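For reference, the structure discussed in these notes is given below.
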Amino acid sequence: MKLFGSGMNFYGGPGKAAHKTLVKLAGQKNQRRVSEFAKQTEHQYYYMMLTEIAVQSCIAQSSQLTQMGDNFTYKTKNSVERGEDVNIILSGQYEIVVNKDVLEMMERDGSVHVTWSFDHFQKMGNKKFNLKRDLVRIIHRRLVETKNYTGIVLGYTKANFKLFANEEQSIFYAHPFYKGHDWYDWAMVHFEEKDNLGNSFDSLYPSRLLGFISINGEREAVVQCSLKPLSWDEVEKNFIQEIQLGTKFDVSFVTVPIESIVHPLCVFPDIGGTLQTHFVVLPSRNWSRFFGKLIIASLVIK
């Protein structure tokens, strides 16, 4: 790095990725004759680009759909105001049929019977697919707050956020049993708070995602947030930042509009420490800038 600077200056990943797209994928779709290879590869790549444009156009048109089968595509109100096309696709659907007996069981036992849209009979008898107790309690509290004593609650275990402007996407899981264990992703969540004078201000809280639900058409994320907000400048400065998860149910376990999720976080627990202590790590895409500043600082000191 002292010779060439940032690692991105001699990283060959983009070139290799371009080679796979421009040559390998298109080359597999021709007759592989030496005299015609270049011409046919060129034509196939043209058809690939044309197909990609058509697919993106279809996706843009379908962004106005409300619900289709197990998936839901949602254009957020905030993204429309910012002029962005953000699709939030929810999948891994399950249903909770709400009645008086179900509400009593949710409050008493912290459990509930759900109907999965996929492989229901295989999951029904497996306790590993039981919803997290905290999630059930929050759903119960939400039903009581909205006075929904009968009806159906839709739940989801996966949320896919896709920004059409640069095709960037973020996938979040909140699953009781995925790839052999429970899987609950972390995200930075936007909250609007008020000070003692009643003035509103924005805060970002690292939060663990417990689930995604839909009650009366309102789609929300169920989260367990940290005790204090976290400035991203602190993470960029320190590389690793300690956080404490809140444990008070009425304060730290909440539902938020699903578009309040800002971006994913890389978080690991304090092994050997308390269960509430975790650490937020600077994502790898920012490492070159972080270590580059350290190298520059060390050279200046010398």
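The values are calculated or read from the model by the stated rules, or taken from the named source; none is laboratory data. For clarity, every value in this text was computed on a predicted model and none was experimentally measured. Here the Cβ is made from the backbone with ideal geometry for all residues, glycine too, and neighbour counts use every protein chain on show.
Worth pointing out:
- The C-beta contact set for the range 180-209 (first residue in contact (Cβ under 8 Å) with a residue 40 or more places away in the chain, second residue basic (Lys, Arg) and surrounded by fewer than 16 Cβ atoms within 10 Å (Cβ to Cβ), distance under 9 angstrom, 6+ apart or interchain) comprises Asp182/Lys128.
- Taking every residue in the range 274-294 that is assigned by TED's automatic domain parsing to the domain that holds Ser231 and free of Cβ contacts under 8 Å to residues at least 24 places away in the same chain and pairing it with any residue that is surrounded by 12 or more Cβ atoms within 10 Å (Cβ to Cβ) and not in a helix (DSSP H, G or I), at least 6 positions away or on another chain, the pairs with Cβ-Cβ distances below 7 Å are Pro283/Cys266.
- Being without any contact (Cβ under 8 Å) to a residue 40 or more places away in the chain and under 18 Å from Phe172 (Cα atoms) is a condition met by no residue of the range 231-251.
- Residue that is modelled with the lowest pLDDT, among those in the range 102-133 that are part of a helix (DSSP H, G or I) and surrounded by 17 or more Cβ atoms within 10 Å (Cβ to Cβ): Lys123
- Just one of the listed residues (Ala221, Ala174, Ala187) is touching a strand residue (DSSP E or B) at 6+ places or on another chain (Cβ under 9 Å), closer than 19 Å to Pro283 by Cα and at pLDDT 95 or above, and it is Ala187.
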